[in-house]
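What follows is one structure encoded as structure tokens, with my remarks underneath.
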């Protein structure tokens, strides 16, 4: 329903990443191809250590791929493009502790010459309000909780008004309640700002709940195992959406896909996971009981 | 609660001790020195009178100002050069590695050992002293800046890259603030070295300044005056350090705040 909304904004073609050279080389990513259309929210999930973050850093132009290419609106990405914003997993190290919330959010706008001081201020205040932190504009990141800090990082990305927002396991280090709130925040701001989002996560529920499509990766050397379209109605809701049989079906489908990957893992890895999924891969209990 | 309970008695006792202990010590010194009648330890009232006459009276700051000027110019030059050069070197792994042994070696040379060279090349004028002070302070500032800049969190650097921050913004808003705790620590070490070098250079080759006055008083056997000069240095060191702490408090407020919460 939401798929096919627009033209491909981001095209990833034959992306490969190899670390090292010669015999000692490690093929992290073998070949990745998928695209993200305008206005879409696409999640990328995969088994632990499958190179999701590596892939995202290549897409952002922070890391040079060993092969293939990334195109944003048809132009190859070689360094971080100005139409792109990035939310890091480690919010505490991505925000500047010496700047207030306001100054943190404003920092990327300072060199946008086309903005007047007043426009800048409005943009900052709008973005900070949209993540619900209007009262905390003049506080410092370290005075805020983890979830609030990640909100600041999201506000910074929104104020930048990117065409595409990359998020690297943004909620992996916040507690469960904050996490649910932040997921809903992403849905809200995506609707409000109309931004395209590429979202990397290890949480299958989160991927299904947020996305228009879920890209499932294989274990390394990584390729795309399958792309799952999520046709859950919007607006979505933590309770009612996760109650839908379709949600349960989708999460089970993605879950099995990844589990198959893990089962097919070579001996040493299979030994460590003991036939169970590794700790990183978890479906949240609430959804498991709510769905079945 | 526990933290509060632990801290409040100390907080209450703090000012009392800070003021009380020096008063007690000075009183003891006063009492002992007025009675002892030793030539090399003149009575404290004599020292204080000399202090007033030599350092506070008519030719106000005649000996202090030249010293302060050398200190200020040399120190400022060292901090600027150290931070500038350190930022340049700190940004590249290769530069950092190749500079390290050289800087470590140069830092290892005891600063007074450079004095003969300085006098030879620059004579005994102010430029020599300023330069010597600057050279001494440079190393701690430089080393700490290299370290601080090199150690900036990669996530912070990537954040700056992703948002396309231009070089100047990147330096002034990201790299230097991130390195500032270390830079400030280096500047602090540099300050005490600067005072030492100022006194030494004035004792070896000068016609004015605090160091010169102390040595001159000693050589003409004006013992209270010599002591009053030492007192001036003590006061100066104390005041400069106080100023530094004040500045540091403003500059690194975020750092202390962030650290305090981390520990909590």
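What follows draws every value from the coordinates through simple rules; no lab data is involved. Owing to the predicted nature of the structure, the values given are computational and were not obtained by experimental measurement. Cβ sites come from the backbone with ideal geometry, for glycine too, and all protein chains shown count toward neighbours.
Per-residue answers, yes or no, for (1) buried (at least 23 other Cβ atoms within 10 Å of the Cβ); (2) in contact with a strand residue (DSSP E or B) (Cβ under 9 Å, 6 or more places away or on another chain); (3) farther than 20 Å from residue A:171 by Cα; (4) within 14 Å of another protein chain (Cβ to nearest Cβ):
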{"position": "A:37", "(1), (2), (3), (4)": "no, yes, yes, no"}
{"position": "A:50", "(1), (2), (3), (4)": "yes, yes, no, no"}
{"position": "A:61", "(1), (2), (3), (4)": "no, yes, yes, yes"}
{"position": "A:67", "(1), (2), (3), (4)": "no, yes, yes, no"}
{"position": "A:75", "(1), (2), (3), (4)": "no, no, yes, no"}
{"position": "A:83", "(1), (2), (3), (4)": "no, yes, yes, yes"}
{"position": "A:95", "(1), (2), (3), (4)": "yes, no, no, yes"}
{"position": "A:109", "(1), (2), (3), (4)": "no, no, yes, yes"}
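Residue A:131 meets all of the listed conditions (1) within 12 Å of another protein chain (Cβ to nearest Cβ); (2) touching a helix residue (DSSP H, G or I) at 6+ places or on another chain (Cβ under 7 Å) but one, namely (1).
Note on the range A:63-95: residues that are over 21 Å from residue A:155 (Cα atoms) and assigned to a loop (DSSP other than H, G, I, E, B) amount to 9. Scanning the range B:208-222 for residues that are in contact with a helix residue (DSSP H, G or I) (Cβ under 8 Å, 6 or more places away or on another chain) and surrounded by fewer than 18 Cβ atoms within 10 Å (Cβ to Cβ), we see that the one that is nearest to the other protein chains (Cβ to nearest Cβ) is B:208.
Of the residues A:113, A:120, the single one that is in contact (Cβ under 8 Å) with a residue 12 or more places away in the chain and either more than 17 Å from the chain's Cα centre (by Cα) or more than 11 Å from chain B (Cβ to nearest Cβ) (or both) is A:120.
Restricting to the range B:231-254, give me the number of residues that are within 21 Å of the chain's Cα centre (by Cα) and either within 14 Å of chain A (Cβ to nearest Cβ) or surrounded by 14 or more Cβ atoms within 10 Å (Cβ to Cβ) (or both). Final tally of qualifying residues: 14. Total residues in the range B:102-128 satisfying the condition of being surrounded by 13 or more Cβ atoms within 10 Å (Cβ to Cβ) and in a helix (DSSP H, G or I): the figure is 13. What about residue B:178, is it within 11 Å of another protein chain (Cβ to nearest Cβ), part of a helix (DSSP H, G or I) and either surrounded by 22 or more Cβ atoms within 10 Å (Cβ to Cβ) or touching a residue at least 24 places away in the same chain (Cβ under 8 Å) (or both)? In short, yes.
All conditions in (1) within 11 Å of another protein chain (Cβ to nearest Cβ); (2) over 22 Å from the mean Cα position of the chain (by Cα); (3) under 14 Å from residue A:144 (Cβ atoms) hold for residue A:102, with the sole exception of (1). For the range B:162-171, filtered to residues that are crowded, with 16+ Cβ neighbours inside 10 Å and assigned to a helix (DSSP H, G or I), the residue that is nearest to the other protein chains (Cβ to nearest Cβ) is B:162.
Here is the figure for the range B:144-169: residues that are within 23 Å of residue B:78 (Cα to Cα) and in contact with a helix residue (DSSP H, G or I) (Cβ under 6 Å, 6 or more places away or on another chain) total 8.
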